[in-house]
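The values are calculated or read from the model by the stated rules, or taken from the named source; none is laboratory data. These numbers come from a predicted model, not from an experiment. Cβ: placed from backbone, ideal geometry, glycine included. Neighbour counts: every protein chain shown. SASA here: full protein model, heavy atoms, side chains in, ligands and nucleic acids out. Shrake-Rupley method; radii C 1.70, N 1.55, O 1.52, S 1.80 Å.
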Amino acid sequence: TALRAGGLVAIPTETVYGLGADAEQPEAVRRIFAVKGRPTDHPLIVHVAGLDHLAGWAAEIPDAARVLGETCWPGPLTMLFPRGPRAGTDVTGGRDTVGLRAPAHPLTQELLQRFGGGIAAPSANRFGKVSPTTAQHVVDDLAGALQPGRDVVLDGGASEIGVESTIVDLTIDPPQVLRAGAIDADEIARLLDRAIAPTTGPSRASGMLTAHYEPDCRVVLAESAAAATALAERAAAAGDAVDVLDRTADLVVAARLLYRDLRDADGRGLDTLVVVLPAATGIGHAL
């Protein structure tokens with residue numbers, strides 16, 4: 001009801017919480033940008049129930065999309081298509097492409113099935129800041145901008161994966177992974193049985209800006225635990241409130257808790273958080 005009335009609905013997904021609106025109501029879509037403080041030329045992802053709900057959203061559906069849709073949807077994968085007539089330029093940031101995704105969270109899947117349309121939804125946080133992985137994070141970030149009685153926050157528990165969906169551009173040949181996520185480029189190449197090109201070109205999807213998902217504290221990256229300790233000691237000597245984050249022992253847990261850890265660092269008033277870099281394999285690429 002809220003979606004049909006032009007309201008905003010914060011939706012749980014397996015990656016992060018999204019701030020959703022009926023993708024075919026321009027005024028509702030504009031409210032997403034206003035509430036988040038998001039530049040209107042930065043495209044939104046449209047969430048659909050599944051591969052059989054792409055009609056009108058994608059101008060064409062290449063064979064690669066069918067392969068990935070059948071194997072990865074519902075799931076943490078966004079595919080970039082030439083936009084169809086249902087994907088307005090207010091959603092695509094003026095571009096001729098649209099990102100489409102079928103999320104796996106059962107609550108949002110039920111919502112999409114009942115709604116029957118597409119839900120445009122970036123992450124449910126202030127633009128550029130740390131993404132939310134719980135309903136409470138959404139309330140903490142956006143409560144003052146959401147309208148009681150018009151907007152809704154759905155509580156689906158903590159996000160299972162914790163980092164944004166992988167974005168693959170299927171409008172070019174060979175395809176490119178524009179944003180790393182839980183499904184890495186090697187897995188996509190294996191599923192498609194072809195090479196995936198390295199990311200090049202201008203920003204054309206969520207998460208491609210120079211700074212994004214940014215906490216208030218300074219984040220310093222370290223190649224090892226020993227290097228992290230040395231960096232933390234140096235920061236402490238300079239008067240910083242500092243801590244070290246090392247979750248390299250389990251990258252699945254590291255991804256699930258990444259944004260919670262960044263929010264916690266800000267909540268504790270840290271000046272500097274030294275993070276030990278994970279191995280660049282699997283979900284480590286996204287981290």
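Table for the structure above
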read-out	value
Karplus-derived 3J(HN,Hα), 6.51/-1.76/1.60, for each residue of the range 26-32, Hz, glycine and proline x	x, 5, 5, 5, 4, 5, 4
Rg(Cα) / (2.2 N^0.38 Å) computed for the range 1-137, rounded to two decimals	0.96
For the range 63-191: accessible area per residue (Å², 1.4 Å)	39 Å²
Length gained when the stretch Thr229-Arg194 is fully extended (0.36 nm per residue, less Cα-Cα span)	8.4 nm
Fraction of antiparallel bridges per DSSP, the range 30-119 only, in percent to nearest 5	65 percent
Tensor-based shape of the range 132-185 (alpha-carbon gyration tensor, a/c under 1.5 rounded, otherwise prolate or oblate)	prolate
Nearest 10 degrees, 0 to 90: helix 63-72 Cα axis against the chain principal axis	60 degrees
Structure-derived semi-axes √(5λ) of the Cα gyration tensor in Å - corresponding label in [x] 31, 24, 16; [y] 29, 22, 18; [z] 32, 21, 19	[x]
Cut-off under 5 Å, modelled amide H: who pairs with Val98 long-range	Phe81, Arg83
Cα centroid separation, the range 83-117 to the range 138-197 (Å)	12 Å
Cut-off under 5 Å, modelled amide H: who pairs with Arg179 long-range	Ile167
For the range 3-12, 3J(HN,Hα) per residue [Karplus equation, 6.51 cos²θ - 1.76 cosθ + 1.60, θ = phi - 60°, Hz, x = Gly/Pro]	4, 5, 8, x, x, 9, 10, 6, 10, x
Positive-end residue of Gly144, Gly156, Pro132, charge dipole of the range 77-213 with Cβ unit charges	Gly144
Cα gyration tensor, the range 98-199 - rounded (a/c under 1.5), prolate or oblate	prolate
The range 126-139 - phi-based ³J(HN,Hα) in whole Hz, Karplus 6.51/-1.76/1.60, Gly and Pro as x	4, 4, x, 9, 5, 5, x, 10, 9, 4, 5, 4, 4, 4
